[in-house]
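Each remark here refers to the structure printed beneath this line.
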Amino acid sequence: MAATPERKDFAANKQMKAVMGKYFTEFSQGPAQGKKTAWCTSVGPAELLYAMGFNVFFPENHGAMLGASKMATDLIPLANAHGFSPDICSYLTSDIGSYLKNETPLQKMGLAGVPKADVLVFNTNQCRDVKDWFQWYARRWNVPCIGIHTPRGTTEVDDTVLDYVVRETEKLVEPLEQVAETKFDIDRLREVVDLSKQCTMLWKQVLKSATNVPSPITFFDGTIQMGPAVVLRGTQDAVDYYRVLVDELNQRIAQGVAAVEGERLRIYWEGMPIWGKLRDLSTQFLNLRTCVVASTYCNSWVFEDLDAADPFRSMARAYSSIFICRSDDFKEAYIARMVQEYRVDGILYHDAKTCPNNSNSRYELPVRLRERLGKPFLTINGDLNDLRLYSEEQARTNIEAFAEQLMQA
Ligand code: SF4
C-alpha cells in the first residue's frame, strides 16, 4: 500500500487557538467584570446579544467538543436516564450528560464547567430540540429562556415570513435589556452586524477556495476552521482571524498546494460531521486521494443577507434563509449548484440517526439529484456524537467501494 500523503496543517491554526482560547477565558472573567452570559443557538441572533454586551456561549459548539473529544458516548446515557430519549439530538443529550456529570473539555481551558447562563436565547430555524434543550437549563437555573420561532420548510423567504421573524426578534430586546441591565443601542447593533457580515464574507472566501483544483482545504479542515465563524461572528477577532486564513489559502492556491496530495476525486459531504471520527475519516480520504471539497454544514454559517443598514430585517432574512429550514425543492437546487461549482464527482450523505433535521437522504433527495446531475451518491448511517450508532467498518468499506466506483465513472 502506498504511504499516506502528508497531512497539511494551517500555519494560521496557532492564531485560531489563541482566538478561541481568549473567547473561552472571557466566560470565567465575565461575572467579576459585571458581564452577563447569554446562551445562543448556533444560528440564533448572536449579533443582538453581542451588541447588548453579553458574553455569548453556544452549546452546540460545546456539543461538538464533546463529540470530537469522544466524551459524548459515555455522557449520553446520563441524559437518557434523566428522561431524554436516545433518539433525540445527541448534542443535547451529550451536553446535558456533561452538565450532570460535571465533565467537560472546557475544564482543560480553566473553566469550572459550562458557563451558567443569565438568559438563554434560541431560534427554532434549525429544529425544536434547541428550545427543549435551553428550557431544561432555564428551569434548573431559574433564568429566562426566550427566542424566535422561525417558519420551516420554506421555498421562498417572503415578506410574510420576514415580517413575523422581525417581530419575534424585536420582542427579544426588552427582556434582554432587563437581564443585561443596559439600554439597547441600534448603532451598536449596526456595528456588530457589519462585523458579522465581514466575518461571513471572509468565511465564504475560505470555503470558496475549495473550488480550485486541487483544493487547498478539505471539509475536515473546515469543521475546525469554522469555530470563530460560529461563536465569534460579530467580533473583530473573527474578522482578523479569517483575513489571515484567507491569505494562507491564497498562498496555497498560488503555489499549487493541494490539501490532499495527488487529488483524484472530489466529494460533497451532505449532513452533520461525525465528530468523534473526523481524524479517521480524513485519513481514509487522504489515502484514497479524495478531497471532500464542500459541505452543506460548513456553508451554513455564510449569512450574505446581513446588512448593517437594516439590521433587524437583514438578520431575519439571513437566519430564515439557512439551508436547514428550507423546502426540499430549495435543498435540491442548492446542492445541484454546489456540485457544479465545486466540480464534485459524487455526493456522500451522512444520515445522522439523532438529527433528522440535518439528514437529507430520507425523502428520495439523493435519487432525484443523481437523476438530475448524473452523479453517484453514497449514504452512510451514523451520528454526530453517538458513536454507538456508527458502524466504522461498514462505513470504511462503503467509502472505499464508492471511491472505486467514482474512479470508474
Ligand atoms: S439541528 Fe440537529 S444536531 Fe443541531 S441542535 Fe438540532 S437536532 Fe441537534
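The values are calculated or read from the model by the stated rules, or taken from the named source; none is laboratory data. Predicted model only: the values in this text are computed from it and were never measured. Heads up, the Cβs are rebuilt from the backbone with ideal geometry, glycines too, and the neighbour counts pull from every protein chain shown.
Just checking, which of Leu278, Leu265, Leu207 is buried (at least 23 other Cβ atoms within 10 Å of the Cβ) and modelled with pLDDT of 95 or more?
So the residue among Leu278, Leu265, Leu207 that is buried (at least 23 other Cβ atoms within 10 Å of the Cβ) and modelled with pLDDT of 95 or more is Leu207.
It is to be established whether one or more residues within segment 71-80 are within 19 Å of Thr182 (Cβ to Cβ) and away from the ligand (no atom under 16 Å from the Cβ).
No - not one qualifying residue is present in segment 71-80.
What number goes with the only condition from (1) surrounded by 14 or more Cβ atoms within 10 Å (Cβ to Cβ); (2) farther than 18 Å from Trp275 by Cβ that Gly374 does not pass?
(1)
Considering each residue of segment 374-389, count those that are in a loop (DSSP other than H, G, I, E, B) and of a type in the set (S, T, N, Q), and give that number.
Here the count works out to 1.
Inspect segment 62-70 for any residue being more than 16 Å from the ligand (Cβ to nearest atom) and closer than 30 Å to Ala258 by Cβ and give the result as yes or no.
yes
For segment 300-317, check the following and say yes or no: at least one residue is within 16 Å of the chain's Cα centre (by Cα), of a type in the set (Gly, Ala, Ser), at negative phi and buried (at least 22 other Cβ atoms within 10 Å of the Cβ).
no
Filter segment 358-374 down to the residues that are among the basic types (Lys, Arg) and either within 16 Å of the ligand (Cβ to nearest atom) or touching a Gly at 6+ places or on another chain (Cβ under 8 Å) (or both) and list them by number.
Arg362
Ala112 is checked against (1) among the hydrophobic types (A, V, I, L, M, F, W, C); (2) touching a residue at least 60 places away in the same chain (Cβ under 8 Å); (3) surrounded by 15 or more Cβ atoms within 10 Å (Cβ to Cβ) and fails just one. What number does that condition carry?
(3)
In this structure, is Met20 at pLDDT 95 or above, touching a Gly at 6+ places or on another chain (Cβ under 6 Å), in a helix (DSSP H, G or I) and under 14 Å from Val230 (Cβ atoms)?
yes
Taking the condition of being touching a residue at least 40 places away in the same chain (Cβ under 8 Å) and either within 16 Å of the ligand (Cβ to nearest atom) or within 19 Å of Val206 (Cα to Cα) (or both), how many residues in segment 295-317 meet it?
11
Considering only segment 343-357, state which residues are among the charged types (D, E, K, R) and within 12 Å of the ligand (Cβ to nearest atom).
Lys353, the sole residue that qualifies.
Condition first: surrounded by fewer than 18 Cβ atoms within 10 Å (Cβ to Cβ) and small (Gly, Ala, Ser). Now tell me which residues in segment 60-81 satisfy that.
Passing the criteria: Ser69, Ala81.
For segment 170-252, which helices (runs of 4 or more DSSP H) that fit wholly inside it have 2 or more residues that are in contact with a Phe, Trp or Tyr (Cβ under 6 Å, 6 or more places away or on another chain) and over 29 Å from Arg279 (Cβ atoms)?
Per the criteria, 173-180.
Any residue at all in segment 39-48 that's more than 16 Å from the ligand (Cβ to nearest atom), crowded, with 21+ Cβ neighbours inside 10 Å, assigned to a helix (DSSP H, G or I) and on the phi < 0 side of the Ramachandran plot?
Yes - at least one qualifying residue is present in segment 39-48.
Considering only segment 153-169, state which residues are acidic (Asp, Glu) and outside any loop (DSSP other than H, G, I, E, B).
Asp159, Asp163, Glu168
Would you check if there is a residue in segment 390-400 being within 16 Å of the ligand (Cβ to nearest atom), more than 19 Å from the chain's Cα centre (by Cα) and not in a helix (DSSP H, G or I)?
Scanning segment 390-400 turns up at least one residue that is within 16 Å of the ligand (Cβ to nearest atom), more than 19 Å from the chain's Cα centre (by Cα) and not in a helix (DSSP H, G or I).
Scan segment 23-38 for residues that are in a helix (DSSP H, G or I) and out of contact with any strand residue (DSSP E or B) (no Cβ under 7 Å at 6 or more places or on another chain) and jot them down.
Listed by number, the residues that qualify are Tyr23, Phe24, Thr25, Ser28, Gln29, Pro31, Ala32, Gln33.
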